[in-house]
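Coordinate-derived values only; no laboratory data. These numbers come from a predicted model, not from an experiment. Positions of Cβ are backbone-derived with ideal geometry, glycine not excepted, and every protein chain shown enters the neighbour counts.
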């Protein structure tokens, strides 16, 4: 007994050190790539002697980022609020649509073409209409972000509901489970991995809707900053806004990854990262 305890005590530091090494490697590779890209960027600017309004160097961009930190931070908060609201609303609508389609065959035939139509409409085509209908405030940007993530979440969640193992549904029928009980106990757990994949895609797409809405018409947000910086040839400020937007996307994606791992904790990592768009069309 004491031998096993001492062995476990020796193994714990080894395991911790191995985890630390793995985490350090996971951070070191992106850091090296980032520094390498900065060096290539600076080399291009120096070699071609590009003027700052064409392509500013990384030093100039980061200088603009820090000198305008308060200004950019306020607009970034506006864009982040639009993204988060769009992600929440898009997820809620996507889940509700998936449940309605799997519950009723008639609803599936009526709703699914409309879902496909939302994907077929170009974002830039409907952005002016949304600004006209919902105004220049936050509402039009939230609606834009909601629409752009609605399809991947709906498609992934509905496909997960539809792919529930028939043996589980048959087992529920044998024990007298109602449709509502089968939905809660069998279909929903089976659909959660698909929903988690849809959430990851949605977290990456939501910023596109918010920024496009800000380009079309707004008085705040990172899209507004980029549009006006471009008009004034403040290319360094525009790049600074792009960097903040990229950081927001990475942080949001990481948060979604952590959340979805908790949501489908029983699934292997490879299954959690299954493709969203590799789904079959709905049965007629």
Pull out the extension gain between residue 77 and residue 96, defined as 0.36 nm times the separation in residues minus the alpha carbon to alpha carbon distance; nm, one decimal. 4.0 nm
Quickly rank 70-83, 149-162, 216-229 as a protection proxy: mean count of other C-beta atoms within 10 Å, highest first. 149-162, 216-229, 70-83
Please work out how much length the chain gains when fully extended from residue 254 to residue 40, using 0.36 nm per residue of separation minus the C-alpha to C-alpha distance, in nm with one decimal. 74.4 nm
Classify the range 197-247 as rounded, prolate or oblate from the Cα gyration tensor: take a ≥ b ≥ c as the square roots of its eigenvalues, call it rounded if a/c is under 1.5, otherwise prolate when a/b beats b/c and oblate if not. oblate
FRET E, pair residue 105, residue 262, Förster distance 45 Å, beta-carbon r, rounded to 0.05: 0.85
Distance in Å, no decimals, from the C-alpha centre of the range 119-155 to the one of the range 53-84 is 24 Å
Output the peptides 99-110, 230-241, 46-57, 191-202 sorted from most to least packed, where packing is the average of other Cβ atoms within 10 Å over each peptide's residues. 191-202, 230-241, 99-110, 46-57
